[in-house]
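Asks: Have a look at this one before I ask anything.
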2 protein chains.
Amino acid sequence: MKIGKLSELTGLSIDTLRYYEKIGLIDPPFRKGGQRLYDPDAVRWIDFLKALKATGMSLDDMKRYALMRAKGNATSANRRVMLETQHALVLERIEELNACAVLLEYKIANYHEIEARHELADKKRYLR
Amino acid sequence: MKIGKLSELTGLSIDTLRYYEKIGLIDPPFRKGGQRLYDPDAVRWIDFLKALKATGMSLDDMKRYALMRAKGNATSANRRVMLETQHALVLERIEELNACAVLLEYKIANYHEIEARHELADKKRYLR
DNA sequence: GCTTGACCTGAACCACACTCCAGCTCGTAG
DNA sequence: CTACGAGCTGGAGTGTGGTTCAGGTCAAGC
């Protein structure tokens, strides 16, 4: 498939796909008359990259992973360790977000209370 | 307290504190001989800003919140809505991260399996 | 053969959130 | 009173992760 199709399937812009190729995240595909022709596996790889990105991994780290992957089986253990590290980071981040959510809930409840008090005051004023 | 102390207490660099003041996130404190003198409440406000930031809120949105806060009670409902919106975003983000964590776990299990197979192959080769 | 739309390249540009710098002033300990 | 560390200002610089642009080339349909 051509880059337009891949862009459509992955949700990444054509520019971003070429950018990812330039920085080494995506293997340079075959070319026909200068145009990139991707094989369907590219979609799965890019989806995985998207997931790594969603975990907050930097493009640089993703590049390191991609490089090891290209080197084959010998790097398998290293790659696993990378993923385990990232997994730990994700769990940490989830914890942090949970704490923030609790704080927000507390603040929101506070605002509700304040608003209730104001309404009450308004009502009293009205009845007076 | 002076800016160095505040920096220490909040974990934000002195430059960042001045930057936050410049963009309107922190009220300009009193000055004595040109130097900023903060009152202890500043720490609590900055901690709250840090929490908002940790949820992924942009400095721009935080500025909007700070502005409304400065305007007083009339903006209370708006501020509550902002926090509620952010709360929803946080929950969404947590869901996304959970999905990523599951994917990583799957990939990691996969690597373990591959490594086990390789070890087995090595053992067989050794025994032969 | 010509038009049209997708694709190509390298390089410049962008927003965000800081971070650093030169060159100055302040204040306090010795 | 002097040294020196902390703080001041305005503005320039940085890193990340793309995005846009100018100026072309390619190929498929009419």
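Asks: Give the residue that is farthest from DNA strand D (Cβ to nearest atom), with candidates limited to residues of the range B:17-32 that are under 14 Å from B:Trp45 (Cβ atoms) and outside any loop (DSSP other than H, G, I, E, B).
Replies: Only one residue tops the list, namely B:Tyr20.
Asks: If you don't mind, there's one more thing I want to ask. Please give the number of the condition A:Gln86 fails out of (1) surrounded by fewer than 18 Cβ atoms within 10 Å (Cβ to Cβ); (2) in a helix (DSSP H, G or I).
Replies: Unmet condition: (1).
Asks: Another question, if that's okay. So which of B:Ala99, B:Ala51 ends up being surrounded by 15 or more Cβ atoms within 10 Å (Cβ to Cβ), assigned to a helix (DSSP H, G or I), out of contact with any Gly (no Cβ under 7 Å at 6 or more places or on another chain) and not basic (Lys, Arg)?
Replies: Of B:Ala99, B:Ala51, the one residue that is surrounded by 15 or more Cβ atoms within 10 Å (Cβ to Cβ), assigned to a helix (DSSP H, G or I), out of contact with any Gly (no Cβ under 7 Å at 6 or more places or on another chain) and not basic (Lys, Arg) is B:Ala51.
Asks: Output the residue which, of all residues in the range A:64-73 that are more than 10 Å from chain B (Cβ to nearest Cβ) and over 19 Å from the mean Cα position of the chain (by Cα), is surrounded by the fewest Cβ atoms within 10 Å (Cβ to Cβ).
Replies: This residue is A:Gly72.
Asks: Inspect all residues belonging to the range A:54-61 and state whether any of them is within 10 Å of chain B (Cβ to nearest Cβ), free of Cβ contacts under 8 Å to residues at least 40 places away in the same chain, under 26 Å from B:Ile114 (Cα atoms) and crowded, with 16+ Cβ neighbours inside 10 Å.
Replies: Yes, the range A:54-61 contains at least one residue that is within 10 Å of chain B (Cβ to nearest Cβ), free of Cβ contacts under 8 Å to residues at least 40 places away in the same chain, under 26 Å from B:Ile114 (Cα atoms) and crowded, with 16+ Cβ neighbours inside 10 Å.
Asks: Just the residues that are within 12 Å of DNA strand C (Cβ to nearest atom) and farther than 19 Å from A:Tyr65 by Cα, please, taken from the range A:17-44.
Replies: Of everything in the range A:17-44, those that are within 12 Å of DNA strand C (Cβ to nearest atom) and farther than 19 Å from A:Tyr65 by Cα turn out to be A:Phe30, A:Arg31, A:Lys32, A:Gly33, A:Gly34, A:Gln35, A:Arg36, A:Leu37, A:Tyr38.
Asks: Another question about this same structure. Identify all residues within the range B:1-16 that are of a type outside the set (Val, Ile, Thr) and more than 9 Å from DNA strand C (Cβ to nearest atom); write none if there are none. Spell out how you get there, then give the answer.
Replies: In the first step, residues of the range B:1-16 are kept if they are of a type outside the set (Val, Ile, Thr); the result is B:1-2, B:4-9, B:11-13, B:15.
The answer is B:Met1, B:Gly4, B:Lys5, B:Leu6, B:Ser7, B:Glu8, B:Leu9, B:Gly11.
Asks: Let me ask something else about it. The conditions are (1) within 12 Å of another protein chain (Cβ to nearest Cβ); (2) exposed (fewer than 13 other Cβ atoms within 10 Å of the Cβ); (3) hydroxyl-bearing (Ser, Thr, Tyr), and B:Ser76 fails exactly one of them. Which is it?
Replies: That leaves (2) as the condition not met.
Throughout, read-outs are computed from the coordinates displayed, never taken from laboratory work. Please read all numbers here as calculations on a predicted model, not as lab measurements. Backbone-built Cβ (ideal geometry, glycine too); neighbour counts: all protein chains shown.
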